[in-house]
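Written out below as structure tokens is the structure these notes cover.
The values are calculated or read from the model by the stated rules, or taken from the named source; none is laboratory data. If you're wondering where the values come from, they're calculated on a predicted model, not measured in any experiment. Neighbour counts are summed over all protein chains in view; Cβ atoms, including those assigned to glycine, are modelled from backbone coordinates with ideal geometry. Just the protein is used for accessible areas: all its heavy atoms, side chains included, with ligands, DNA and RNA removed. Shrake-Rupley method; radii C 1.70, N 1.55, O 1.52, S 1.80 Å.
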Amino acid sequence: MSANKESWGSRVGLILAMAGNAVGLGNFLRFPVQAVQNGGGAFIIPYLVCFLVMGIPLLWIEWSMGRFGGKFGHHSTPFIVDTMHRNRLWKYIGVFGIWTNIAVASYYCYLESWTLSYVFHSLAGTFSGLDQNGVSAFFDEYVSLGDSTFGIPYEPILFFVICLLLNTWILSQGLAKGVERVAKIGMPLLILFGMFLAYKGFTITAGENGAINDSSVGLNFLWTPNFDELWSPTVWLAAAGQIFFTLSVGMGTIHCYASYVRSKDDIALNAMSAGWMNEFVEVVLGASILIPISIGYLGIDGVVNLVNSQGGLGLGFRTLPYLFYQWGDVLGAVAGVMWFGLLFFAGITSSLAMGTPWMGFLQDEFNWRRRPAAWSFGLIVLLLGMPTVLFFEYGVFDEYDYWAGTVSLVVFALFESILFAWVFGMNKGWREITSGADIKVPGIYKFIIKFITPLLLLWVFIGSLITPKGGDWAGAFRNGWVLDDGSIISKIKNTSLKRQLAEATDPAVIEQLQDTLFFVNASRILLVAMFLSIAVLVYMAYKKRVREGRI
Amino acid sequence: MNTSALVVMLGTMLLVTGVTLYFFYRVLNTPPKPEPDSFLDNDDEIERQAPRA
């Protein structure tokens, strides 16, 4: 008998928790950068198309799979997918739905702890009086565990542990009293903070407070459509990838949350409400803060250089704190608290979701109680996350992000879409989606879920596996296929690192690259070991079920 | 802002905001199913109890 007696408090709470799961730091840091790099306003067309034909179907698939598994008392993907077909191997595909969350939480909680720390530094006025290089140097000092402005030894580790303790404690309070309560507070605050910062992003005037451009320059840069880019497979691949990250599909968290919904209750409208809420935060708020403010003060060339060298993360942590102080000390501090506060709420509502599949698995299969299950999650994330803190500069953080936060989402989503539409069967699947629905689900989605979504996912996977150099697909077909350093195959072979190593002449650089290569390979071994450990636990749980006559 | 950027931005933002508000409005205004349902907060509301057979 499972020790799992969790329930949601209210329907709005469930939707806010599900939207909070989807809304993450990527909504504010990744989306605007992707849009800028992929054709500005034209990016939004493939982005919305991918949302309609891949995002929405995956939301319905995952919500209905979760609710279906919940009927049998399953709250994590290994045994949710196990109920959908008699082939016992499916449950090992379901391991992705636990592993991804633990691995992503391991670096995501560290990222979340930066936002918490930056809230306090904004309050304490750490960034006041620093120039742009000063704020950037603060970030470098922080991630290399250097001197702390607060005088706290190993400050990043302390904030990481505080963040983990907070996550673990909230998880130990359960769904209704923990996760849902945080979502009910965090999501409205996030939207409020976002609206304030978006207002500031829309009202920058050249010549005032050191701004060199009006807001319109940044907004033009972001939204002017470049229709030539529309035919580039790279743009479509980027749009499809962004849909994955933003909706948190292919992770197993949606299955877990939805498994606590009873079979007669709606999932179709709930999925739409939570999914579109995430789109509102991303497209309306996310696009109105980072780029317009940065371009207002640094100009287009300055921002393009920063985006290419540091990405959205660099722009958000190295540059924005400095720009906020152009509005004066008080408003600078307030804007800093709001910016990092909204990133913190975006982060914690997602990291809490990452804890629930592991907890559900332990409660269902090994009769663990909620509190020890939550603390075990905290402990595992601490152990797996410490390498990302200690060896951040050696690429461990990026390695976790690439394999767990990028590749595995596509792999699991591809498998689950095939399972749902072709193995479980589209007719049964359609009944699951529409059962208890409070909206009429358009019939065209039966066709889309069966054919378009799996094909699109397959294309995204193959496109990522063999991405041609520079994303030049036409050139690759014409002149022969040279893999890009960002393709999965090149990543596995460490092509970029090995080339840098071969070209390096400075002994210090060579040593740094050799260390990086070692830590990159070590992180992969750690991640694989984690996956295999969970697979063994799933096997043990299966044998236990057989012994108890539950299968 | 130039016209094409303004059209794309306003079109996208209005569409996304409108659809988000529409679905959330539907959630708030759809009568809940009779007990037992998935949510704890309304368990004690007498008018929502399923009629006995």
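Some observations on this one:
- Among the chymotrypsin sites (Phe, Trp or Tyr not before Pro) within the range A:448-551, those in coil by DSSP and having at most 15 neighbouring Cβ atoms inside 10 Å are A:Trp481.
- Stretch gain in nm, segment A:Ser496-A:Ile466, where the contour uses 0.36 nm per residue and the Cα spacing is subtracted: 9.3 nm
- Working from the Cα coordinates of the range A:1-137, the gyration tensor eigenvalues give, after taking √(5λ), semi-axes of 37, 22, 15 Å in decreasing order.
- Residue order by solvent-accessible surface for A:Met84, A:Met540 is A:Met540, A:Met84, largest first, with ligands and nucleic acids left out and a 1.4 Å probe.
- Take the Cβ atoms of A:Asp329 and A:Asp147, set R0 to 30 Å, and the FRET efficiency comes out at 0.80.
- Using only side-chain charges placed at the Cβ, +1 for Lys and Arg and -1 for Asp and Glu, the dipole size of the protein assembly as shown relative to its Cα centre rounds to 2660 debye.
- For the range A:133-186, the fraction of C-alpha pairs more than 13 angstrom apart is 67%.
- Kirkwood Rh, angstrom, chain B [1 / mean 1/r, Cα pairs]: 14.5
- Computed from label points 7 Å out along Cα-Cβ, the spacing between A:Arg262 and A:Tyr199 is 4.3 nm.
- The slack between A:Asn308 and A:Val546, meaning 0.36 nm per residue of separation minus the straight C-alpha distance, is 80.3 nm.
- Only Lys, Arg, Asp and Glu carry charge here, each on its Cβ (+1 for the first two, -1 for the last two); on that basis the range A:442-551 has a dipole of about 1000 debye about its Cα centre.
- Helix A:180-202 axis versus longest C-alpha principal axis of chain A: approximately 30°, rounded to the nearest ten.
- Here is how the number arises for chain A: DSSP H runs of 4 or more residues each give -39500 (n - 2.57), the sum is divided by the residue count, and the result at 222 nm is -22000 deg cm²/dmol.
- Proximal charge balance of A:Ala474 [Cβ under 15 Å; K/R count +1, D/E count -1]: -2
- Cα lying deepest toward the dipole's positive end in the protein assembly as shown, options A:Ala274, A:Val23, A:Cys256, charges on Cβ: A:Cys256
- Percentage relative contact order, chain A, counting C-alpha pairs under 8 Å, at least six apart: 30
- Extension gain from A:Ala474 to A:Gln132, taking 0.36 nm per residue of separation minus the Cα-Cα distance: 119.1 nm
- Charge dipole (the protein assembly as shown, unit charges on Cβ, about Cα centre) - positive-most of A:Ala211, A:Leu501, A:Leu165: A:Leu165
- Cα-based reach from A:Lys440 at 26 Å (exclusive), listing lysines while leaving out same-chain residues under 8 positions away: A:Lys71, A:Lys264, A:Lys428, A:Lys450, B:Lys33
- Within the range A:354-460: Cβ-based charge dipole about Cα centre, in debye rounded to nearest 20 (Lys, Arg +1; Asp, Glu -1): 620
- FRET efficiency, A:Asn367 to A:Ile162 (Cβ-Cβ, R0 25 Å, nearest 0.05): 0.25
- Between helix A:408-418 and chain A there is an angle of about 40 degrees, using the helix long axis and the longest principal axis of the Cα atoms.
- The order of A:Met195, A:Met338 by accessible area, most exposed first and with a 1.4 Å probe, is A:Met195, A:Met338.
- Local net charge near A:Phe51, Cβ-Cβ under 12 Å (Lys/Arg +1, Asp/Glu -1): -2
- For the range A:426-506, the set of trypsin sites (Lys or Arg not before Pro) satisfying both a DSSP loop assignment and a count of at most 13 other C-beta atoms within 10 Å is given as A:Lys440, A:Lys493.
- Tilt relative to chain A, helix A:507-547 - C-alpha long axis, 0 to 90 degrees, to 10: 20
- Geometric descriptor of the protein assembly as shown, per residue, is 161 Å³ (volume of the convex hull of the Cα atoms).
- The calculated FRET efficiency for B:Glu47 paired with A:Ser435, based on their beta-carbon distance and R0 = 35 Å, is about 0.90.
- Largest to smallest accessible area among A:Arg550, A:Arg318 [probe 1.4 Å]: A:Arg550, A:Arg318
- The residue among A:Leu89, A:Leu189, A:Leu58 whose Cα reaches farthest toward the positive pole of the charge dipole of the protein assembly as shown, with charges on the beta-carbon of Lys, Arg, Asp and Glu, is A:Leu89.
- Label sites at A:Lys71 and A:Lys428, each approximated as a point 7 angstrom past Cα along Cα to Cβ, lie 0.9 nm apart.
- Annotation: aspartates and glutamates with alpha-carbon distance below 14 angstrom to A:Lys446 (same-chain offsets under eight excluded): A:Glu432.
- Distance between the 7 Å Cα→Cβ label points at A:Tyr539 and A:Glu503: 4.4 nm.
- Cα pair distances of the range A:431-483 binned at 5 Å [whole percent]: 4, 17, 16, 13, 11, 10, 9, 7, 7, 4, 1
- Net charge, A:Asp214 excluded, C-beta distance under 15 Å - Lys, Arg +1, Asp, Glu -1: 0
- Partners for A:Lys498 among lysines (Cα-Cα distance below 24 Å; same-chain residues under 8 apart left out): A:Lys469
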